1. Would you mind listing the strands (runs of 3 or more DSSP E) fully within the stretch 1-66 where at least 3 residues are crowded, with 19+ Cβ neighbours inside 10 Å?
2. For residue 290, are the conditions met, namely being under 30 Å from residue 7 (Cβ atoms), in the same structural domain as residue 102 (by TED's automatic domain parsing) and assigned to a helix (DSSP H, G or I)?
3. Give, as residue ranges, the helices (runs of 4 or more DSSP H) completely inside the stretch 174-240 that count at least 1 residues that are within 21 Å of the chain's Cα centre (by Cα) and touching a residue at least 40 places away in the same chain (Cβ under 8 Å).
4. For residue 115, work out the one condition from (1) touching a residue at least 60 places away in the same chain (Cβ under 8 Å); (2) in a loop (DSSP other than H, G, I, E, B) it doesn't fulfil.
5. Look through the stretch 241-275, keep the residues that are loosely packed, with under 15 Cβ neighbours inside 10 Å and part of a helix (DSSP H, G or I), and return whichever of them is farthest from the chain's Cα centre (by Cα).
6. Just checking, how many residues over the stretch 78-110 are out of contact with any helix residue (DSSP H, G or I) (no Cβ under 8 Å at 6 or more places or on another chain) and part of a strand (DSSP E or B)?
7. When you look at residue 107, is it at pLDDT 95 or above, farther than 15 Å from residue 292 by Cβ and buried (at least 22 other Cβ atoms within 10 Å of the Cβ), yes or no?
8. What's the number of the condition residue 328 fails, among (1) in contact (Cβ under 8 Å) with a residue 60 or more places away in the chain; (2) closer than 25 Å to residue 139 by Cβ?
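The values are calculated or read from the model by the stated rules, or taken from the named source; none is laboratory data. Just so we're clear, the structure is a prediction, and the values are computed from it rather than from any experiment. With ideal geometry, Cβ positions are generated from the backbone for all residues, glycine too; neighbour counts draw on all protein chains shown.
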């Protein structure tokens, strides 16, 4: 067992855009395990947009990230020491152990995974929290029917990419919104979306209108602001909106909705959701996702940064849309 390990803590709360100065890299001593505890060596750290909201002291659906404590974050790794009856050395486990190379835990909210069936990294993406967000928002809120048109923002990201593929498997026409020609080509050619709008092309509303001439029945929203506004303008009567994220507002962009009147005119159902509030469905959703990924019916892509010291810059890049697919930090 190593005598020490490195972690990243929140050193200060951002004022506007996140900067490297908001974080601090520390080396700390490895604690002695007590009865009922285990030590996990993390292999991968997940970086996700929700972390930006947790860095703020503003009231939200969950407690703010504490200053001078390990940054919150999903992890997948291996048990390297155990005094816990439910976990053995060598077990592969997924949890929320944070931006840290090692972690001592009592095993609460830790889940064993099969490292032979899928790569460990997949359990932080398509078969992890992002995949579950896609599965829940699509199946429980949008409830798509074959032949309907679904619009997905951040379509090349960890959540949006899974949403579109699941909708296609259910017989829907899927239109993505992504940033740049390369991401749009990937969304269409690799993921099988029917169309993809490059919002950086300067013609978001016109291009989306051309791609959705028969209207939009469902919107899976990850960004908000102008993208949600453009999608609302294309909605048909009794459309459904699954509001998963509002990453577009993290940089101070205008999030006003000029087409809000369509919420009434088209009798839309809009529901925001936090996927961790629906843990009773995770076994079902993750089992389905694992089979789809293992069979190649759902594909995924990863952007992997090496080493815990690089996590802050990778996170800042994620908020700016630099990642392609799921953003991970490889720790070993």
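1. 4-10, 38-46
2. No.
3. The qualifying helices (runs of 4 or more DSSP H) are 181-189, 226-232.
4. Here residue 115 clears every test but (1).
5. 265
6. 11
7. Criteria not met by residue 107.
8. Tallying (1) in contact (Cβ under 8 Å) with a residue 60 or more places away in the chain; (2) closer than 25 Å to residue 139 by Cβ, residue 328 fails exactly one: (2).
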